[in-house]
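The values are calculated or read from the model by the stated rules, or taken from the named source; none is laboratory data. This is a predicted model, so every value here is computed, not measured. Only protein heavy atoms, including side chains, enter the accessible area calculation; ligands, DNA and RNA are left aside. Shrake-Rupley method; radii C 1.70, N 1.55, O 1.52, S 1.80 Å.
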Amino acid sequence: MNESPWDVIIVGGGAAGLNAALVLARARRRVVVVDAGEPRNRFAPHMHGYLTRDGLSPLDLLELGRAEVLGYGAEIVEGRAVSASGEAGAFTVTLDGGRMLTGRRLIVATGLRDELPGIPGLAEQWGTGAVACPYCDGWEARDLRIGVIATSAMSIHQASLVRQWSAHVTFVGPPTTELDADTRAGLEARGTRILPNAVTAVLADAEGRLTGVALDDGSTIELDRLFVGPRPVARDELLRQLGAEQMTTPMGEWTASDPFGDTSVAGVWVAGNSANAGALVIVAAAAGATAATAINADLVADDTRRAVAELAADR
Ligand SMILES: Cc1cc2nc3c(=O)[nH]c(=O)nc-3n(C[C@H](O)[C@H](O)[C@H](O)COP(=O)(O)OP(=O)(O)OC[C@H]3O[C@@H](n4cnc5c(N)ncnc54)[C@H](O)[C@@H]3O)c2cc1C
C-alpha cells in the first residue's frame, strides 16, 4: 500500500531517532518513525550519564520519548525497514510486512549491533555482569574486582581506563604482539595484573550473578565485573543500498557524514550510533536533534524553491 509522502521518514526509534522526531514534529513536519524495538542498551537495567535521567531504565527512556513524540502528532510504526531507495524528495522505505512509506527526506538512526566474542556464559552476563563502557558502568564497578578480557588492541585502552574506577584490575589474555614493554610497564605500575591466558568460560552463581572466569590452564579467577569490547557492527544496510559513502574509523567501516549527520546521498542523514559508534545515549539524542534542525532548514529551502516556481508558473 502506498501512502502520501511524509516530510521525513526516520528509521530507528532509539534516542537518536526519537529526538530527531521530537524536533521535527515540533517544527510541524509530518514525521514517521519506523522502529524494530531493539535498542542497543536493552540488555542493561539502568542507563547512566544522561543529565536528569541518570539511572533510568533504557526502555523507560524510550517509552517516555515515544509518548512525547506522539503528543506532537508524529507516527510511530513498529516494524523493520528492509529496503530504501529513491532520491531527495521521493524516498521509498519498505517494511518487513510489505508496507511502503514514501518521504521527502530520510534519517537513518538504526544504531549498531555488538558482536560479542563466543565465550560460553558471556552473552548471559551482557549488560549486567559484563559491560563495555566505563563511563556508563564504571561508577557501579568502583573498587570491585574487575576483569578486562582482551578482544582487540582497543582492550589495552579499556584496561588502562578502568583503573580509574578500581585498583583491582586483571587484564586477561592481552595480545602479546600488541602489548609492548612500555604499555605493560604502565599497566603494571598502576597495579593491573596481566594474565596471558585465554578465557574459556564466564562463570556465574545459581542466581546468574557473575563470579569470575575460567582460563585455558584450568584455573579460575574470581571477579565482580567484566569489561569486554565487542566488535561494533553498523546497522547500515539501508545506507549501503542508497549508496552512502563509507569511511574508515577505529571502530571499522562507518557511514561518512558531516557534523549535522548529512551523508553523501542528498536527502539522507544519519544520527546516533549509525553516525558515531562511540556515541553515548545523550550524544545520540543530541545528534538526532542536530540532524532534525538541518533537515528542517533543507525542507524550508525546498518549500521556498517550490513556492517561487509555482508563482512563476502562475504568471
Ligand atoms: C550493555 C550496554 C549498556 C549501555 N549503557 C549505556 C549507558 O549507561 N549510558 C549511555 O549513555 N550509553 C550506554 N550504552 C550505549 C547506548 O546503547 C547507545 O549510546 C544508544 O543506544 C545509541 O542510541 P541510537 O538511537 O543511536 O541507537 P539504538 O538505541 O540502538 O536504537 C536504534 C533503534 O533502531 C532500530 N532499528 C535498527 N534497524 C532497524 C531497521 N532496519 N528498521 C527499523 N528499526 C531499526 C533498533 O531496533 C533500535 O530500536 C550502552 C550500550 C550497551 C551495549
Worksheet item: Between region 122-143 and region 215-275, how many Å separate their Cα centres?
Response: 19 Å
Response to the item:
Rounded to a whole %, the carbon-and-sulfur portion of the accessible area of region 117-228 at a 1.4 Å probe is 53 percent
Discussion item. Using a probe radius of 1.4 Å on heavy atoms only, what accessible surface per residue do you get for the chain? Whole Å² is fine.
Written reply: 48 Å²
Worksheet, complete the sentence: Carbon/sulfur accessible area of region 249-302, % of total, 1.4 Å probe, equals 67 percent
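Which of rounded, prolate, oblate describes the chain, given a ≥ b ≥ c as roots of the alpha-carbon gyration tensor eigenvalues and a/c under 1.5 marking rounded, otherwise prolate only if a/b is larger than b/c? Could you put the intermediate results ahead of the total?
Values: a/c = 2.60, a/b = 2.29, b/c = 1.14.
It comes out prolate by the Cα gyration axes.
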Discussion item. Can you compute 3J(HN,Hα) from phi for each residue in region 58-64, using the Karplus curve 6.51 cos²θ - 1.76 cosθ + 1.60 with θ = phi - 60°, rounded to whole Hz and x for Gly and Pro?
Written reply: x, 6, 5, 4, 5, 5, 4
Worksheet item: Given a cut-off of under 8 Å on Cα pairs at least six residues apart, what relative contact order in percent is computed for region 117-228?
Response: 33 percent
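Roughly speaking, what is the stretch gain from V82 to T248, that is 0.36 nm per residue apart minus the C-alpha to C-alpha distance, in nm to one decimal?
Net length gain for the segment: 57.3 nm.
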Worksheet item: Which of these, G79, G17, G288, has the largest mean-square fluctuation under a Gaussian network model of the chain (Cα springs below 10 Å)?
Response: G79
Discussion item. Taking the full set of protein chains and a 1.4 angstrom probe, give the accessible area of T52 in square angstrom, rounded to the nearest 10.
Written reply: 110 Å²
Discussion item. For a quick check, take a GNM of the chain with Cα springs below 10 Å and name the residue from E140, E75, E207 with the largest mean-square fluctuation.
Written reply: E207
Worksheet item: When only C-alpha pairs under 8 Å and at least 6 residues apart count, what is the relative contact order of the chain, in percent?
Response: 21 percent
